[in-house]
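Quick notes on the structure that follows.
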Amino acid sequence: MNKLILLTTLLFLSACAAMQSDDPDSLFFSIPKGSTLSLNKKLDIPHNETHAVIQYGKETTDNKRHDYDVNCRLNLKEFGPRTIEPENFKVTRTEDGQNWISQPSILRYYTEIYLTSDKGTDVIKMVCQEYGDQTDYHFTVEDIEVALGDYFSFTFPEKIDSGK
């Protein structure tokens, strides 16, 4: 019985490993550590907020965002009002997940992109999310890029070919 459990576990893990992708349009693509998230134009942080919300390529607010479409918020340490100037942020790690908003009908799908700044900007992370149900699936990096419009863009590291 233990051999059967071990075999089943190994098959499951190998299946998960095979689901990785280098295509940002794929559900199985994960933003690699070392990627760059570039802020391409000025971003306003509202009064008494520590974040800015982007959806449909435009700045919006928590109250005006549409939760059932991908939206992203850039989280910072310091309160606004202020303006963040264009710069490049390094991706230190990402986490994809889901949690219940209203069980058993509404799930929140999310991607947390942890960031650092060479300029000393007090950025923490970008969190992109979308509500759905159990029949939905996690959004893609392409979906994130569409939500961000021309405010932000990703640059992914070149894949190193180790099979020389």
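When PHE79 is tested against (1) among the aromatic types (Phe, Trp, Tyr); (2) within 19 Å of THR140 (Cα to Cα); (3) without any contact (Cβ under 8 Å) to a residue 60 or more places away in the chain, just one condition goes unmet, and that condition is (2).
Here's the yes/no breakdown for (1) in a loop (DSSP other than H, G, I, E, B); (2) more than 25 Å from PHE156 (Cα to Cα); (3) at pLDDT 75 or above:
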position: LEU4; (1), (2), (3): no, yes, no
position: THR9; (1), (2), (3): no, yes, no
position: LEU13; (1), (2), (3): no, yes, no
position: ASP25; (1), (2), (3): yes, no, no
position: PRO32; (1), (2), (3): yes, no, yes
position: SER38; (1), (2), (3): no, no, yes
position: ASP44; (1), (2), (3): no, yes, yes
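Restricting region 51-69 to residues that are assigned to a loop (DSSP other than H, G, I, E, B) and free of Cβ contacts under 8 Å to residues at least 12 places away in the same chain, which is surrounded by the fewest Cβ atoms within 10 Å (Cβ to Cβ)? Out of the qualifying residues, it is ASN63.
Within region 70-100, the residues that satisfy the criterion of being of a type in the set (Lys, Arg), out of contact with any Phe, Trp or Tyr (no Cβ under 6 Å at 6 or more places or on another chain) and not in a loop (DSSP other than H, G, I, E, B) are ARG73, ARG82, LYS90. Here ARG108 does not fit the description of being over 21 Å from THR60 (Cα atoms), of a type in the set (Lys, Arg) and in contact (Cβ under 8 Å) with a residue 12 or more places away in the chain.
Checking each residue in region 24-55 for being under 15 Å from the mean Cα position of the chain (by Cα) and on the phi > 0 side of the Ramachandran plot picks out only GLY34.
For residues in region 71-115 being of a type in the set (Val, Ile, Thr) and over 19 Å from PHE29 (Cα atoms), which is surrounded by the fewest Cβ atoms within 10 Å (Cβ to Cβ)? Checking each candidate, the answer is THR83.
The values are calculated or read from the model by the stated rules, or taken from the named source; none is laboratory data. Bear in mind the structure is a predicted one, so any value in this text is a computation, not a measurement. Positions of Cβ are backbone-derived with ideal geometry, glycine not excepted, and every protein chain shown enters the neighbour counts.
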